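The values are calculated or read from the model by the stated rules, or taken from the named source; none is laboratory data. Please read all numbers here as calculations on a predicted model, not as lab measurements. Note that each Cβ is placed from the backbone with ideal geometry, even for glycine, and that neighbours are counted across all protein chains shown.
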Amino acid sequence: MLTRRHIRIKVMQSAYSFSHRENSKLEDELKFFEASVAQSFDLYFSLLGLIKSLMDFTSEQLKTYEELGSQKIKYQHLKTFSENKVLQLIQHHPILEKKLNSKKAIKWDLEFVFLKELLDKITSEDMFVDYQKKSKHTWDDDLKWFEKCFKNHIATSDYLYDYLEDQNITWIDDLPLVNTFFSKILKQLRSDQAEQLPFPEFIKSGEDFQFGRELLEKTLSNDEKLELELEGKTPNWEADRIAILDRVILKIAITELLYFPNIPAKVTLNEYLEIAKDYSTPNSNTFVNGVLDKLVREFKEENRMNKSGRGLL
């Protein structure tokens, strides 16, 4: 589920945290990094849990209306929503409930107000009204509507964003990744293949996690050496004018250039330029680009970038 760029972002977050804390210990930061990666998977399950809870809430609302003898026209929108085959697959998936009970997923059933407001918003939109007009829906009809619903209402929910920010400091950076991952899953779902709903697990021995852990460990362990690498490379910038995050990004990039022979220099430069653009100051992209260009030229001249394999420089 996680990409190498997302792993690099988590390394950046951990290294930045390390630089701000007094008496920071490497082992503590490595534990924070591991927890941050693992919690990305918890967020994915929390997102699935939100969809299931929304369906469970709708079922409870329908049951209440029926017990009260309300006119069907008053709750027809809830019935249409509850009969969506894609949502039903998620709600009644034989594995999902067990996973949710075993994970540190959010208990959305306690967020009654949010579920009600989200359901009201979804079912009052013109897109849903048009969807509801059709008397019978195929799997493709249901899937097409829910893809748009997820994109327009769930993935972009301000309440969801704020709530997740309060729950876990790293989830805000994880949310776009998880949303994109789930959107891709939706496009592949088939009505007769419930097993296509994946349940990715955090694997400590996984290659990407091990790459990130090694990158973080080497960056923090070699901090003094990395500071020396930056000396004289920023003649137009005083040390106190360089954003702390820019220094962190540069140190991680240098570590990757010098200590990871299998990663092409161009990949490293592109990755950290994009990270600087997304996470640091408006001028960071230009600044980081200039410094890294100088460093790469210097490392090549001094034969210090020992990249193995064709085309890695």
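Please specify each residue of the range 1-52 satisfying the condition of being among the hydroxyl-bearing types (Ser, Thr, Tyr) and either assigned to a loop (DSSP other than H, G, I, E, B) or free of Cβ contacts under 8 Å to residues at least 12 places away in the same chain (or both). Answer for the range 1-52, where residues must be among the hydroxyl-bearing types (Ser, Thr, Tyr) and either assigned to a loop (DSSP other than H, G, I, E, B) or free of Cβ contacts under 8 Å to residues at least 12 places away in the same chain (or both): Thr3, Ser24. Is it fair to say Phe199 is touching a Lys or Arg at 6+ places or on another chain (Cβ under 9 Å), over 29 Å from Val86 (Cα atoms), among the hydrophobic types (A, V, I, L, M, F, W, C) and touching a residue at least 40 places away in the same chain (Cβ under 8 Å)? Taking the combined requirement at face value, the residue does not satisfy it. Counting only helices (runs of 4 or more DSSP H) wholly contained in the range 53-113, the ones carrying 1 or more residues that are of a type in the set (Gly, Ala, Ser), within 32 Å of the chain's Cα centre (by Cα) and over 22 Å from Thr123 (Cβ atoms) occupy 96-102.
Evaluated against (1) outside any helix (DSSP H, G or I); (2) modelled with pLDDT of 90 or more; (3) of a type in the set (A, V, I, L, M), Leu312 falls short on exactly one condition, (2). Could you check how many residues of the range 137-167 are over 20 Å from Leu115 (Cα atoms) and either part of a helix (DSSP H, G or I) or touching a residue at least 60 places away in the same chain (Cβ under 8 Å) (or both)? Qualifying residue count, the range 137-167: 6. Checking Leu257, Leu273, Leu269 one by one, the residue that is over 25 Å from the mean Cα position of the chain (by Cα), part of a helix (DSSP H, G or I) and either under 18 Å from Ile7 (Cβ atoms) or in contact (Cβ under 8 Å) with a residue 60 or more places away in the chain (or both) is Leu257 and no other. Applying the set (1) surrounded by 16 or more Cβ atoms within 10 Å (Cβ to Cβ); (2) touching a residue at least 40 places away in the same chain (Cβ under 8 Å) to Tyr75 leaves exactly one unmet item: (2). Residues in the range 186-199 that are under 18 Å from Glu97 (Cβ atoms) and in a helix (DSSP H, G or I): Ala194, Glu195, Gln196.
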